[in-house]
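To start, the structure itself, in structure tokens.
Just so it is clear, none of the values below were taken in a lab; they were calculated from the coordinates. Since we're looking at a predicted model, the values are computed, not measured. All Cβ positions, glycine included, derive from the backbone under ideal geometry; neighbour counts span all protein chains shown.
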Amino acid sequence: MSSIRPKCLAISGGVGGAKLALGFAHILPPEQLLVVANTGDDFRHLGLPICPDLDTVMYTLADINNKELGWGQQGESWNFIAALTQLQGETWFALGDRDLATHILRQQLLTTGASLSEVTRTLCQRLGIQHELVPMTDNPVATIVQTRTGESLAFQHYFVRDRCVPEVIGFEFEGLAAALPSPGFLAGLQDPDLSAIVICPSNPFVSVDPVLALPGTLTAMRASEAPVIAVSPIVGGVAIKGPAAKMMAELGMPQSALAVAKHYQGRIDGFVIDDQDADLKSDIEALGIPTIVTNTVMLTLADRTLLATRVLDFAHQLSTTKTPS
Ligand code: FO1
């Protein structure tokens, strides 16, 4: 169970979400932040449990993330992969030498019976991370990408092996119906002192939807007095990183912040769009979604902390009007 009392609960996928999570970590003390990471990207590879979004957030909070790649660790070496190549092993999914230690230790701790939440807590403690990071669930959930050719792809096969080339027609989250929010996630959602639930700027379909679709999550979000605020991952018609805009086009959606707002409609209380999309504010508010316009392109740490501050101010502003249902 979560021992600390979060005031802001931030839901994150990979790179984009992790940037805002870091912004929150820099302006909030540990007892006032809970970061929840998507685990739909997770898979077993070479007999190891790979948790990409958990690791991207963890490495970002520990400031050891690889800023060029957007995943794995900085200062990485690739001797393991070079040796695996020599042995003709599977090398389509690159595991750096430092990153490998995380996967091997996670595997070792899981085999002792520890939950993914407990393993994550141990890894974070050993990396000196003060703020709490939990997986969305401790149960296995696997995002499957349905493609126009009729083939269903495991997420990492779609994202890495096939380089996001296949055209998507839909998604499914295997194991979701039997999954529960992790103890820390549920405790955070039910925390009476919670003042903001923030959907960080991650891919709405494969990083955010799995989290919101977890049984009990939306109910708990709606019952909370904390407003749910989403930050658009689409700026000026493009995704800052990743295949979100391409997926939207293939799903027949405009690649706009307005289309993202429509996708979240009914699940959020407020929306944050970039200055470049200011002209969309009235259209989004016409959906009944209060919206603020600010800089959401996070290039510097100041960008991250300023956006985090603006989102919390917006949550405070909305909290006077949210009627828990
Ligand atoms: N992404 C890639 O594009 N190529 C890779 O070889 C790769 C390896 C990898 C290893 C560990 C890890 O935690 C993430 C890794 N990623 C890689 C990113 C991964 O595909 C994530 O799912 C994305 O970050 C999207 O969330």
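Please compute one quarter of the surface area of the Cα convex hull for region 205-325 and express it in square nanometres. Can you show the working numbers first?
On the way: hull surface 29.9 nm².
Answer in nm², one decimal: 7.5.
Projecting each Cα onto the charge dipole of the chain (Lys/Arg +1, Asp/Glu -1 at the beta carbon, about the Cα centre), which of I234, F173, L133 comes out farthest on the positive side?
L133
Using Cα centres only, tell me the gap between region 114-186 and region 81-110 in whole Å.
Using only Cα atoms, the two centres lie 19 Å from each other.
Subtract the Cα-Cα distance of D63 and D279 from 0.36 nm times their separation in residues, and report this length gain in nm to one decimal. Kindly include the intermediate steps, with their values, before the conclusion.
Numbers: separation 216, 0.36 × 216 = 77.76 nm, distance 3.55 nm.
Stretched out fully, the D63 to D279 stretch lengthens by 74.2 nm.
Give the calculated FRET efficiency between H26 and I169 to the nearest 0.05, with a Förster radius of 45 Å applied to their Cβ-Cβ distance.
Values: r = 40 Å, r/R0 = 0.88.
Efficiency, from the Cβ-Cβ distance: 0.70.
Each label point is 7 Å from the Cα along the Cα-to-Cβ direction; what then is the distance between the points at Q74 and N295, in nm?
2.1
Using alpha carbon centroids, what distance separates region 1-69 and region 280-298, in Å?
25
Restricting the count to DSSP beta bridges whose residues both fall in region 16-146, what percent are antiparallel, rounded to a multiple of 5?
Antiparallel: roughly 50 percent of the beta bridges in region 16-146.
Let's test the formula: R0 of 22 Å, r as the Cβ-Cβ distance of A178 and L110. What FRET efficiency results, to the nearest 0.05? Write out the running numbers ahead of the final one.
Numbers: r = 18 Å, r/R0 = 0.83.
The formula returns an efficiency of 0.75 here.
Extending each Cα 7 Å along its Cβ direction at D193 and K246, get the distance between those two points in nm, one decimal.
Between D193 and K246, the simple spin-label model gives 4.4 nm.
With each label point set 7 Å from Cα along the Cα-Cβ vector, what nm distance links A286 and A101?
5.5
So which lysines can K281 reach, going by Cα to Cα under 18 Å and dropping same-chain residues fewer than 8 places off?
Hits, sequence-local ones excluded: K262.
Considering only the other residues whose Cβ falls under 14 Å of the Cβ of A21, what net charge follows from Lys and Arg at +1 and Asp and Glu at -1? Don't jump to the answer; show the numbers that get you there.
Values: positive: K19, R304; negative: D53, D55, D63, E132, D303.
Residues near A21 contribute -3 overall.
With axes computed from alpha carbons, what is the tilt in degrees of helix 116-126 against the longest principal axis of the chain, rounded to the nearest 10 within 0 to 90?
Between helix and principal axis, roughly 80 degrees.
Give me the lysines in straight-line cross-link reach of K7: C-alpha distance below 17 Å, same-chain residues under 8 apart excluded.
K322
When the C-alpha atoms of the chain are aligned to their principal axes, what extent does each axis show, in angstrom, from largest down?
If we take the Cα atoms of the chain, the spans are 60, 46, 39 Å.
Within the chain, what percent of beta bridges assigned by DSSP are antiparallel, to the nearest 5? Please list the in-between numbers first.
Working: 16 of 39 bridges.
Around 40 percent of the beta bridges assigned by DSSP in the chain are antiparallel ones.
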